[in-house]
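The structure appears below as structure tokens.
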Amino acid sequence: MSDRSEKSSTIVTTNLPFSKWTELFENTTMVAALIDRLTFRSHVLDMNGDSYRLKATMQKRA
């Protein structure tokens, strides 16, 4: 990440909120640093809502 910082675009996708990243990575200090680096001068899109896949599956079953 440090090599790309402020030089290139980086896209990160995840289904986990930042608050859950410490459950995935043991080193909480590194998690905090990573989140800080990723969110500095960034656009964070938090898309919470109904799942279109689940909705389509449920409609097929009905």
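Every number here is computed from the coordinates shown, using simple stated rules; none is lab data. Bear in mind the structure is a predicted one, so any value in this text is a computation, not a measurement. Quick reminder, even Gly has a Cβ in these numbers, built from the backbone with ideal geometry, and neighbours come from all protein chains shown.
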Task: Cα-centred dipole magnitude for the chain, charges only on beta-carbon of K, R (+1) and D, E (-1), debye, nearest 20 - done: 420 debye
- [ ] Tabulate in residue order the Karplus-calculated ³J(HN,Hα) for segment 46-57, using 6.51 cos²θ - 1.76 cosθ + 1.60 with θ = phi - 60°, rounded to whole Hz; enter x for Gly and Pro.
- [x] 9, 9, 10, x, 5, 7, 5, 5, 5, 4, 5, 5
Task: Signed unit charges on C-beta, dipole axis of segment 18-61, positive-most listed residue ILE35, ASN48, TRP21 - done: ASN48
Task: From the coordinates shown, Rg/Rh (Cα atoms, Kirkwood Rh) corresponds to which of (1) 1.01; (2) 1.10; (3) 1.14 - done: (3)
Task: Segments 22-33, 46-57 sorted - mean Cβ within 10 Å per residue, highest first - done: 22-33, 46-57
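Mind sorting ARG4, ARG61 by how few other Cβ atoms lie within 10 Å of their own Cβ, fewest first?
Going from least to most buried by this count: ARG61, ARG4.
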Task: Local electrostatic count at SER42 - Lys and Arg +1, Asp and Glu -1, tallied over other residues with Cβ under 13 Å - done: 0
Task: Estimated inter-spin distance, GLU6 and ILE35, nm [label 7 Å along Cα→Cβ] - done: 2.3 nm
